[in-house]
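Participant: Here it is: the structure, laid out below.
The values are calculated or read from the model by the stated rules, or taken from the named source; none is laboratory data. All figures in this text were calculated on a predicted structure; none of them were measured in a lab. Because the Cβ atoms are built from the backbone with ideal geometry, glycine has one as well, and the counts that use them run over all protein chains shown.
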């Protein structure tokens, strides 16, 4: 009888604990407005770049537009790291940067590299895109001060992904 009562009590306590583990409360309206204001220019820039990428037919032109998108994200990342010292925002922007490079820039640049033969008039343009992309990835890393946000685990992980992606542009 005691065993059954203890089992019932333990089950009730566990059920109450599990019930208290619901979803986090929604953000207050003032916080949501502030986040939208902070992210509005990023969203507008990304939409604009997305439309430009969609309008391009040539892989080299798409790669260059993806690089411009990446550069825009590097600029916002630098602002979040240096001015705001916001590790979560830096990690988020670095993650978006990694996605743009991984899913847009690298595949388009590699396709252009296959289609543009060495020595062709378009090869210098292709090499400029490669060099600028590598420089942008270096700038993203340099923009994150070691003393403040770079020690955050999510930031370190995102920066490591960017370093790995840079190898796609090895000479």
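Participant: Would a scan of the range 45-55 turn up a residue that is touching a helix residue (DSSP H, G or I) at 6+ places or on another chain (Cβ under 7 Å), buried (at least 21 other Cβ atoms within 10 Å of the Cβ) and either over 24 Å from residue 122 (Cα atoms) or modelled with pLDDT of 95 or more (or both)?
Facilitator: no
Participant: Working only within the range 87-130, note down all residues that are touching a helix residue (DSSP H, G or I) at 6+ places or on another chain (Cβ under 6 Å) and outside any helix (DSSP H, G or I).
Facilitator: Scanning the range 87-130 gives a single hit, 116.
Participant: With the checklist (1) touching a residue at least 24 places away in the same chain (Cβ under 8 Å); (2) over 25 Å from residue 43 (Cα atoms) in hand, flag the one item residue 119 doesn't pass.
Facilitator: Result: residue 119 passes all but (1).
Participant: Please determine, by comparing only the residues of the range 140-150 that are out of contact with any helix residue (DSSP H, G or I) (no Cβ under 8 Å at 6 or more places or on another chain) and either within 18 Å of residue 99 (Cβ to Cβ) or assigned to a loop (DSSP other than H, G, I, E, B) (or both), which one is modelled with the lowest pLDDT.
Facilitator: By that ranking, first place goes to 147.
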